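Working notes for the structure below.
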Amino acid sequence: MGIVHFLNVNEGDCIWIKHPLEHNTIIDISNGGKVKEVFESSSLSGNHNQRKYPVNPIEYLKDRNVNTIFRFILTHPDMDHMDGIKNLFETYDVLNFWDTANTKVMDEKSDWGKYDKADWEFYQEIRTSVSSTKVLNLYAGQKGKYYNQTEDGKSGADGLYLLAPTLELVNEANDTGEYNDCSYVILYRTGDNKKIIFAGDSAEKTWDYILENYKEDVSDIDLLIAPHHGRKTGGNDDYLDTLNPTLTLFGNAKSQYLDYSSWNDRGLDHITNNQANCVIVNTNGSSGMDVYVTYETYAKKRNTDAFYDEKYCGWYIMTI
């Protein structure tokens, strides 16, 4: 039903879904500006150091002839998920913008680190300005044209189903300042009922809600984009017993912060951006979902029969 690109964008998130209806969905953005940090390499055994070679998602989209972004989804208001948002909106026509109704404030006293204050200021502007971009605050269970309903109201379309947040989770996050608790979590259903979950930076409260209300929907999924880039967030990892993902994709973080043990203890397969660089998943495979990576050395280590496919600009490593 679509092609998912999980981009290597430093310690942040950016996902591109190319839908069959020619809609392009972008979930979060990082490394989208002009000056970016290069992370130090690691001496850990088996580390392929691909976080040293991130892609700029805007250039990545240009190289693949993307002209319009049908929807941009900001999972939650952290800078590592909107790093380059201003450049993205200035480069492309963005027709729809999904945003949580958060009240987060960043000011002169905030620690901006490597991030550009202009991105935060643009984010605040686009949320309230009158423009050609339609801003949507959506909540768990909502249905709507194109994201999960067709023109005649039937289920399907782009296959995006909201599992979180609820209005209550957003309000609580606004009260506590714990904005991971209002992160979008999206279930992507393909035409042959494969299930992919984009988890944003969701934490324990979010997963408690999802398991109580959508347990059947999230059981035994095919692909998980790990919450919080795969970091240890201090939450309960029991949700993995229900999700039981065939494959999980981790973003970039220093190894001591990644929650490898929760996956390894359950025998769950996972790939990191630091190993594979970008990961491309074709959900339209005849026997399952075909997985490609852009780093040749990792591909051939993972699968001695790996081969390069020009259509996906990546090395085939497996089908799930």
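The numbers here are math on the coordinates, done by the rules we state, and not lab data. Remember, it's a predicted structure, so these values are computed and weren't measured experimentally. Don't worry about glycine lacking a Cβ; one is built from the backbone with ideal geometry, like all the others, and counts go over all protein chains shown.
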*Going toward the positive end of the dipole of the stretch 245-320, with +1 on Lys and Arg Cβ and -1 on Asp and Glu Cβ, which of Thr304, Asn274, Met318 do you reach last?*
Asn274
*Shape of the stretch 51-144 from its Cα gyration tensor (a ≥ b ≥ c, root eigenvalues): rounded if a/c is under 1.5, otherwise prolate when a/b > b/c, or oblate?*
oblate
*How far, in nm, would the chain grow between Lys134 and Asp175 when pulled straight, counting 0.36 nm per residue and subtracting the alpha carbon separation?*
12.1 nm
*asked:* Quick check: from the Cα gyration tensor, does the stretch 150-275 come out rounded (a/c under 1.5), prolate or oblate?
replied: oblate
*Over what distance in Å are the Cα centres of the stretch 10-25 and the stretch 180-207 separated?*
14
*When only DSSP loop residues count, what chymotrypsin sites (Phe, Trp or Tyr not before Pro) in the stretch 165-223 have their Cβ near at most 13 other Cβ atoms within 10 Å?*
none
*Multiply the residue separation of Ser287 and Glu90 by 0.36 nm, subtract the distance between their alpha-carbon atoms, and state the gained length in nm to one decimal.*
67.0 nm
*Considering Cα pairs under 8 angstrom that are at least six residues apart, work out the relative contact order of the stretch 189-320 and quote it in whole percent.*
17
*What share of the DSSP beta bridges in the stretch 200-295 is antiparallel, in percent to the nearest 5?*
40
*asked:* List the lysines whose Cα sits under 23 Å from the Cα of Lys194, skipping any in the same chain fewer than 8 residues away.
replied: Lys18, Lys143, Lys145, Lys154, Lys215, Lys311
_Extension gain (nm, one decimal) between Lys215 and Asp152, 0.36 nm per residue minus Cα-Cα_ = 19.9 nm
*In the neighborhood of Leu74, defined by Cβ-to-Cβ distances under 9 Å, what is the net charge if each Lys or Arg adds +1 and each Asp or Glu adds -1?*
-2
*asked:* Per-residue counts of other Cβ atoms within 10 Å, averaged by peptide: what ranking do you get for 170-178, 311-319, 14-22, highest first?
replied: 14-22, 311-319, 170-178
*Please label the shape of the chain as rounded, prolate or oblate, based on the square roots a ≥ b ≥ c of the eigenvalues of the alpha-carbon gyration tensor (a/c under 1.5 means rounded; beyond that, a/b larger than b/c means prolate, else oblate).*
rounded
_Cβ-defined net charge surrounding Thr319, 11 Å radius [Lys, Arg +1; Asp, Glu -1]_ = -2
*Arranged from highest to lowest average of other beta-carbon atoms within 10 Å per residue, in what order do the peptides 94-102, 159-167, 274-282, 257-265 appear?*
274-282, 159-167, 94-102, 257-265
